[in-house]
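Heads up, the thing below is written out as structure tokens.
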Amino acid sequence: MAVLTSEAVVLRTWPVQEADLIVSVFTRDYGRLKGTAKSALKSRKRFGGALEPMTQVRAWFAEKPRQELVRLDQLEILRSPLSVPVDPVRMAVLSFFAELLDQVLPERDPQDAVYRLLVTVLEQTTVEQTWMPLTYFQLWMTRLMGLLPDLVHCTACGEPLRPGEITFNSYGDGLFCAVHRSSSEFSAESWQLAQRMLRAPIAAFVGEPWPRSQARDLRRFTLQSLERHLEKKLRTAESLARLAESSPAG
């Protein structure tokens, strides 16, 4: 039974038996895997703080023939989300990343572009800057999963979209022109921002002021596309929405 290794990001854990944990990890080379961390609740020697969600690690694991779960032997921390300050909004954003990836990624299917997106976004998600990385992540995940509709032409008639006249709805994909107007406004600022984000790396947006109200409609639009694909509501998205309403406006 060969021991494999890969960079990975921990998505979630849950207990099984007395001291073991089942761990969902998104590996760069092998895709999303589930594995057993033996005695992880009794001894922190092998795993330490590496089992915190959104911790980037070097993972060593062994695949067992005809078994769904791998055996996790060791996790070495490369980057911990707890190494920089945290607050409720940042933790909610990180939890959203973890839940979305755990739900949307197929098992054992390498997704290098998604992995690189996640690592880049994690580097930029700080207490001072949460809404921009969240927006960038949602938009690019929608695109990488093949769920992002044409942002330039009306879904109904194919005519070019005009800023200030664009709408969308909660029940179907696409953006609509003034003639085929739908229920939710998609601001010209968000429409132009989405096109910029699809052309530029996340670092290009780091210096820009980003209050929580900015691109709120873009986040809602992409979240609805992702949840329609999953056919379920994301629990962390609901928690994040509540925090957005109660947090300071900056």
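Computed from the coordinates by the stated procedures, all read-outs in this text should not be read as laboratory data. Quantities reported herein were computed from a predicted structural model and do not represent experimental measurements. Cβ sites come from the backbone with ideal geometry, for glycine too, and all protein chains shown count toward neighbours.
For the peptides 76-89, 10-23, what is the packing order when you average, over each peptide's residues, the other Cβ atoms within 10 Å and list the highest mean first? Please list the in-between numbers first.
Numbers: 76-89: 14.1, 10-23: 16.3.
Sorting 76-89, 10-23 by mean packing, highest first, produces 10-23, 76-89.
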Starting with the highest mean, order 199-211, 146-158 by the number of other Cβ atoms within 10 Å, averaged over the residues of each peptide.
-> 146-158, 199-211
The range 84-246: relative contact order in percent, alpha carbon pairs under 8 Å with at least 6 residues between = 27
Reachable aspartates and glutamates from Lys233, Cα under 18 Å, same-chain residues fewer than 8 places away excluded?
-> Glu99, Asp102, Asp173, Asp217
Give the Rg (one decimal place) followed by the Dmax (whole number) of the chain, computed from C-alpha coordinates and expressed in Å.
-> 19.7, 63
Hey, can you grab everything whose amide H is under 5 Å from the amide H of Asp29? Only 5+ residues off in sequence or another chain; H modelled, so Pro and N-termini drop out.
-> Glu7
Quickly work out the Asp29-to-Ala178 label distance, labels modelled 7 Å from Cα along the C-beta direction, and quote it in nm with one decimal.
-> 5.7
The range 168-249: mean projected area of Cα convex hull, nm² | 6.6
Scanning the chain for helices, which whole DSSP H stretches are 20 Å or more long along the axis (Cα) and average 0.0 or more by Kyte-Doolittle?
-> 88-104
